[in-house]
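As structure tokens, the structure follows; a few thoughts come after it.
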Amino acid sequence: MAIETPAIDLAPRFAFRLEGFPVLPTLILAGIGLLAVFAGSLAPHDPEIGSLAARFRPPAWQAGGSSEHLLGTDHLGRDVLSRLIFGARVSVVVGFTAVIVAGVIGTLLGIVSGYLGGWVDQVIMRITDTWLALPALTFAIFLTAVVGPSMWNIVIILGLVYWTRYARVIRGEVLSLKEREFVRLAVVAGCSKWTIMRRHILPNVLNSAIVLATLMLGVVIVTEAALSFLGVGVPPPKPAWGLMLADGKKGMMVGYWWLTVLPGACIMLMVLSANLLGDWLRVKLDPQLRQL
Amino acid sequence: MTHYIIRRLGYSLISLLLLSLTIFLFVRVTGDPTTLLVEPGAPQADIDAIRQRFGLDQPLWVQYWTFMLSLVQGDFGNSFYYRTPVLELYLSRLPNSLLLAIAAMTFSLLIGIPSGILAAVRVGGFWDSAGKVFSLLGLSLPSFWVGLVLILVFSVTLGWLPSSGSGTVWHLLMPAFALGWYFAAAHMRLTRSSMLEVLGSEYIKLARLKGLPQSLVIAKHAFKNALIPVLTLAGVNLVIMINVAVVVETVFAWPGIGRLLYEGVTFRDFPVVQAVVLLGGTMIVLVNLLIDILYALIDPRIRLEQ
């Protein structure tokens with residue numbers, strides 16, 4: 001007689017795990033990601049070169065607009081749609097890498113600080129407290145004034161400004177993990193501190209780090225846009241959304257609304273999507289973080 | 001209590017030292033500080049004078065000592081652009097920033113507290129969901145974009161409000177809204193959670209058992225107690241608002257500290273940038289200290305814990 005294995009229906013479990021999954025925000029983020037990757041072949045025009053003869057063309061559906069420039073042109077006659085598409089690249093590259101830089105620094109220091117304790121903990125936490133007291137944008141502006149703006153400088157600067165957020169939370173997690181059975185057993189088994197931190201602590205704080213990273217993505221993108229808006233972000237002529245807003249401000253008083261509304265809407269969509277996804281992940285992956 | 005305050009004072013002092021050390025080291029380690037501290041195109045004599053004054057040929061700790069000595073004396077150097085002491089410049093802009101912060105705070109509390117209470121009283125209902133959407137929008141909309149759209153609507157299209165500058169109440173409205181927007185969401189969320197906590201407490205149950213009507217329970221008993229943490233946060237946020245208004249002040253050309261920072265960056269006026277960062281950080285460290293001490297006075301559990 002054949003033994004029948006009871007079929008385990010996985011579907012309900014997955015349904016539960018995916019309950020309330022923010023589909024639209026994920027699609028938007030994925031779409032922006034695709035735009036960033038394929039900007040070169042998707043953009044109808046060169047984003048950095050325009051013709052002065054075609055300045056301030058309105059979007060296609062307005063009087064005076066043409067299908068040549070679907071979303072109009074800016075003060076140098078550059079195609080707004082192409083600039084928005086290439087701008088996605090700047091936001092995605094800066095946003096993701098800065099979040100990763102901050103995440104790696106913050107998670108490592110948080111683990112070391114929480115696990116080793118003592119004076120190491122004191123030093124790292126005092127630095128964290130102090131840096132947290134600095135308003136993020138002000139601190140970032142100061143750093144760009146010191147090292148000068150460039151895309152990779154901005155990534156490093158944002159990483160330096162935001163790692164403290166991770167360090168705080170991760171340290172708290174490590175403090176409670178440290179008291180758990182499996183860590184104590186590892187100590188008894190003779191694992192070195194570094195092995196425990198790497199093999200036993202790190203995998204257990206990764207969830208929190210990922211949730212934090214998703215939540216930080218929105219913050220980082222807004223800060224990058226603000227820096228570009230103030231003229232200390234990604235230097236022109238590279239199209240960054242914040243920079244487009246700053247340029248658009250000049251034309252706004254005479255009614256060239258598309259130069260401010262469109263890049264702003266892109267920033268908002270991306271940040272809103274990241275926040276919605278982050279919120280969902282926070283609730284799903286890490287109930288402890290709900291208090292954050 | 002005294003022990004707690006002394007320890008807390010010690011922490012703040014360390015924070016202030018670390019703050020100055022951070023700023024100091026970033027300027028010195030990332031390159032030649034003379035390029036930052038001396039005006040571009042300054043004559044050799046000026047460069048030598050700055051080198052002399054900050055002792056840039058001395059070892060780092062001597063330089064730090066000189067740096068701290070001048071900071072303690074309130075000497076943040078002279079602005080390259082305005083040619084006046086930076087501290088004077090900062091203090092002349094401070095009242096404007098304070099005015100903007102107070103207006104933004106008023107706005108954010110006017111929106112945040114009623115909507116927070118409404119969300120807590122009708123928890124899970126329509127107003128609660130509306131509040132959630134509102135707070136998500138508040139946290140996601142960048143203030144510079146809110147500012148630009150406001151200008152587009154109220155100045156360009158409708159022509160009701162001046163788009164930039166200062167002087168009248170009308171100039172204050174849009175920047176206060178753009179700055180207060182984010183904080184309104186934060187105040188709403190705190191009011192909601194604080195109100196929920198109070199509504200679950202014993203004395204509210206007692207008030208209900210006495211047969212008081214819902215409106216009276218909320219207005220007289222719950223509201224007052226739920227407001228304490230919100231007002232404390234508002235106090236901290238007022239100081240934070242003074243220091244994070246860079247973008248809003250730039251959009252509306254509001255002559256506050258944020259605008260000063262923007263000018264500092266645009267005109268490559270490094271002493272100004274450095275002073276704004278240092279003074280902003282100091283302000284926030286001091287406010288945190290004040291709040292911790294206040295909390296310890298109110299709540300004995302905090303001062304007894306090690």
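Put a plus charge on the Cβ of each Lys and Arg, a minus charge on the Cβ of each Asp and Glu, and nothing anywhere else: the dipole of the range A:84-186 about its Cα centre is then about 80 debye. In the elastic network of chain A, a GNM with C-alpha springs shorter than 10 Å, the most mobile of A:Leu269, A:Leu71, A:Leu24 is A:Leu24.
Counting pairs of alpha carbon atoms under 8 Å apart in space and at least six apart in sequence, what relative contact order in percent does the range A:175-274 give? That works out to 20 percent. Reachable aspartates and glutamates from A:Lys284, Cα under 20 Å, same-chain residues fewer than 8 places away excluded? Within reach: A:Glu19, A:Glu173. Take every Cα pair under 8 Å whose residues are at least 6 apart in sequence, average their separation, divide by the length of chain A, and the relative contact order is 22 percent. Computed per residue of chain B from DSSP H runs no shorter than four, each worth -39500 (n - 2.57), the mean residue ellipticity at 222 nm is -24500 deg cm²/dmol. Computed over chain B with a Gaussian network model linking Cα atoms closer than 10 Å, the most mobile of B:Val248, B:Val72, B:Val198 is B:Val72. The calculated 222 nm mean residue ellipticity attributable to helices in chain A amounts to -22500 deg cm²/dmol, summing -39500 (n - 2.57) over DSSP H runs of n ≥ 4 and dividing by all residues.
Model label points for A:Arg55 and B:Ser70, set 7 angstrom from Cα along the Cα-to-Cβ axis, are 4.4 nm apart. In summary, the lysines within cross-link reach of B:Lys220, defined as a Cα separation below 29 angstrom excluding same-chain residues under 8 places away, comprise B:Lys132, B:Lys205, B:Lys210. In the range B:172-223, if the dipole is taken from +1 on Lys/Arg beta carbons and -1 on Asp/Glu beta carbons about the Cα centre, which of B:Leu212, B:Tyr182, B:Leu199 is farthest to the positive end? Of the listed residues, the answer is B:Leu212. For chain B, leaving out every one of the trypsin sites (Lys or Arg not before Pro) that falls in a DSSP loop and has at most 16 other Cβ atoms within 10 Å, the longest unbroken run is B:123-209. For the pair A:Glu48 and B:Lys220, a Förster radius of 45 Å applied to the C-beta separation gives a FRET efficiency near 0.10, rounded to the nearest 0.05.
Report D for the range B:143-275 in µm² per second (integer): Stokes-Einstein, Kirkwood Rh on Cα pairs, 10 °C, 1.306 mPa s.
On the way: Rh = 17.6 Å.
It diffuses with D of about 90 µm²/s by this estimate.
Using only the Cα atoms of chain A, build the gyration tensor, take square roots of its eigenvalues as a ≥ b ≥ c, and label the shape rounded, prolate or oblate: rounded if a/c is under 1.5, else prolate if a/b is larger than b/c, else oblate. Taking the square roots of the gyration eigenvalues as a ≥ b ≥ c, chain A is oblate. Phi-derived couplings, Karplus 6.51 cos²θ - 1.76 cosθ + 1.60 at θ = phi - 60°, listed residue by residue for the range A:230-241: 7, x, 10, x, 4, x, x, x, 4, x, 10, 4 Hz, with x used for Gly and Pro. Compute the Cα gyration tensor for chain B, then decide on rounded, prolate or oblate, letting a ≥ b ≥ c be the square roots of its eigenvalues: rounded whenever a/c is under 1.5, prolate when a/b is larger than b/c in the other cases, and oblate in all that remain. Oblate. A crude spin-label estimate for the pair A:Ser41 and B:Gln52, with each label 7 Å from Cα along the Cβ direction, gives 6.6 nm. Across the range B:74-174, the volume of the C-alpha convex hull divided among the residues equals 158 Å³ per residue.
Evaluate E = 1/(1 + (r/R0)^6) for B:Leu231 and B:Arg301, where r is the Cβ-Cβ distance and R0 equals 25 Å; express this FRET efficiency to the nearest 0.05. Spell out each step's value before the answer.
Values: r = 21 Å, r/R0 = 0.82.
It comes out at approximately 0.75.
Computed from the C-beta positions of A:Trp194 and A:Arg126 and an R0 of 25 Å, the FRET efficiency is 0.60 to the nearest 0.05. Among rounded, prolate and oblate, which fits the range B:216-306 when a ≥ b ≥ c are the square roots of the eigenvalues of its C-alpha gyration tensor, a/c under 1.5 means rounded, and a/b larger than b/c means prolate? It is oblate, given that a/c is not under 1.5 and a/b is not larger than b/c. 3J(HN,Hα) couplings calculated from phi for the range B:131-148 with the Karplus curve 6.51 cos²θ - 1.76 cosθ + 1.60 (θ = phi - 60°) are, in sequence order, x, 5, 4, 4, 6, 5, 5, x, 7, 9, 7, x, 4, 5, 6, 4, x, 5 Hz; Gly and Pro show x.
Remark: the range B:201-250 is approximated by an ellipsoid whose semi-axes, taken from the C-alpha gyration tensor as √(5λ), come to 38, 10, 6 Å, largest first. Structure remark: mean-square fluctuation, Gaussian network model of chain A, C-alpha springs under 10 Å; the largest value among A:Ala39, A:Ala189, A:Ala225 belongs to A:Ala189.
Any chance you could list the semi-axes, whole Å, largest first, of the equivalent ellipsoid that the Cα gyration tensor gives for the protein assembly as shown, using √(5λ)? If you can, show how the numbers build up before the last one.
Values: eigenvalues 285, 233, 173 Å².
Here the semi-axes work out to 38, 34, 29 Å.
Across the range A:135-210, the mean sequence separation of Cα contacts (distance under 8 Å, 6 or more residues apart), normalised by length, yields a relative contact order of 27 percent. Stretched out straight at 0.36 nm per residue, the stretch from B:Leu60 to B:Ser129 would grow longer than its current Cα-Cα span by 19.2 nm. In this structure, the amide hydrogen of A:Thr73, modeled 1.01 Å from its nitrogen in the peptide plane, lies closer than 5 angstrom to those of A:Phe56, A:Arg57, A:Val80, counting only residues at least 5 positions away or on a different chain.
Give the separation of the Cα centroids, the range A:169-191 to the range B:162-190, in Å. Rounded to whole Å, the Cα centres lie 47 Å apart. Quick one: Cα centre-to-centre distance for the range A:44-117 and the range B:225-284, in angstrom? Centre-to-centre (Cα) distance: 27 Å. Couplings 3J(HN,Hα) for the range A:111-125, derived from phi with the Karplus relation 6.51 cos²θ - 1.76 cosθ + 1.60 (θ = phi - 60°), are 5, 4, 4, x, 7, 6, x, x, 6, 4, 4, 4, 4, 5, 5 Hz, where x marks Gly and Pro. In plain terms, the chain from B:Ser201 to B:Ala45 could stretch by 49.0 nm, reckoned as 0.36 nm per residue minus the Cα-Cα distance.
Any read-out appearing in this document is the output of simple, stated calculations on the displayed coordinates, not a laboratory observation. Keep in mind that what you see is a predicted model, and the values were worked out from it rather than measured. With ideal geometry, Cβ positions are generated from the backbone for all residues, glycine too; neighbour counts draw on all protein chains shown.
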